[in-house]
Structure formats: C-alpha cells, structure tokens
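One structure is given here, and the rest of the page talks about it.
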Ligand code: RP5
C-alpha cells in the first residue's frame, strides 16, 4: 500500500473541482495522498487537530485550498512544522483576489508557499518536488513528467507548422 504523504485540505466541497487537480497530478506521479474538507471558520477544532496530528501520521506536505477570506493555509501552518502550500480559490465576489492576498501575505515566522489562484495542479507538482528532495524515484517520475510535457509542446508546434505549410500550399504559395 502506498503511504499517504500529502494532505489535500479544502474549506468547502465547492473547492473540490479545483482541488482535484492536485490529486490528479499526484496520482500521475504515484504519490499517496488524501482529500479532506475541513474549514477554519466552520470547523476550527477539526482544523487544529488535523494540523497538530499531520506530521505524526506520516504526512510530508499539506496543500490547503480556500476561497474568500482564506485563513485555512495559514492556520494549518501555525499548528504544523510541515511545509504548507496554499491554493487561493476563485470564490465569491472578488474571484480569488481576496484569497490570494490572505494566503500569500503571511507575516514573518509562519510561511505558506502560495501558488496562483486555482493553481492546484502546481500545488500538487510542488508537493511532489518537496518529496523528491529525499526520494530519487519521485525525482525520476518528475523528470519523466517534464519530458512528456516538453514532447507535447513540440508536437503541438510541429502540427502548427504543418497546418501553416498546408494553408500556404492551398493558397498557391502566396
Ligand atoms: C471558503 O469559502 C471555502 O474554501 C470556499 O472557497 C468559500 C465558499 O464556501 P461555500 O459557501 O461554498 O461552502 O471557506
């Protein structure tokens, strides 16, 4: 059984569609993880307990996604020595700008590594990179992931060149 190394936590089930992107990329890299809905505002005791127990349960990294006045990532970071990656979610009237500022602007002493608004995929990749610092197998899987990404960009470029060349030929070469 794969060990659960990454805790993906979100403030509401309305964050799930975005936060699943972290789960998908961690699946692709073969990294065990869990998905939890825990709210700083609505379930503060559960949020505290989750952070306090996380390291002892064997987690290596926490990814925390929340929208609006998003305190989740900073709150969890206050209660754990594990690295916490914050994902500001585009929810509510300000479409994530509020969550971005609340998550990224941690006062000195308790950092949260913040990705872009709805940047759950990058949060998953960053978590994998943190794990890869001590795990050569994960490092190799990340290298292969980047190679696949580069190959897909090159294939798209090739297709574009071919389409352009065909369109040029259709126009009679003008
Ligand atoms: C935050 O408030 C959640 O993380 C979510 O992004 C936002 C709205 O929550 P719901 O009202 O949809 O449950 O705490």
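Normalised by the number of residues in region 1-56, the average gap of Cα pairs under 8 Å and 6 or more apart makes the relative contact order 41 percent. What residue among 114, 103, 133 has the largest mean-square fluctuation in a Gaussian network model of the chain, using Cα springs under 10 Å? Comparing 114, 103, 133 in the GNM, the peak value goes to 133.
The peptide list 25-33, 121-129, 41-49, put in order of mean Cβ contacts within 10 Å with the highest first, becomes 121-129, 25-33, 41-49. For region 1-88, the alpha-carbon radius of gyration amounts to 0.99 times the rule-of-thumb value 2.2 N^0.38 Å expected for a compact globular protein. Per-residue ellipticity at 222 nm from helix content only, as computed over the chain with -39500 (n - 2.57) for each DSSP H run of at least four residues, stands at -16000 deg cm²/dmol. When all alpha carbon pairs of region 50-93 are counted in 5 Å bins from zero, the resulting P(r) reads 5, 26, 30, 18, 12, 7, 3, 0 %. Look at the alpha carbon pairs under 8 Å that are at least 6 residues apart: their mean separation over the length of the chain gives a relative contact order of 21 percent.
Placing a label point 7 Å from the Cα of residue 134 along the Cα-to-Cβ line, the residues of region 59-74 whose backbone N sits under 11 Å from it are 59-61. Within the chain, the proportion of C-alpha pairs whose separation exceeds 28 Å stands at 31%.
Every read-out reported here was derived from the displayed coordinates using simple, explicitly stated rules and does not represent laboratory data. None of these values were measured; they are calculated from a predicted model. Using ideal geometry, Cβ is built from the backbone for each residue, glycine included, and neighbour counts are taken over all protein chains shown.
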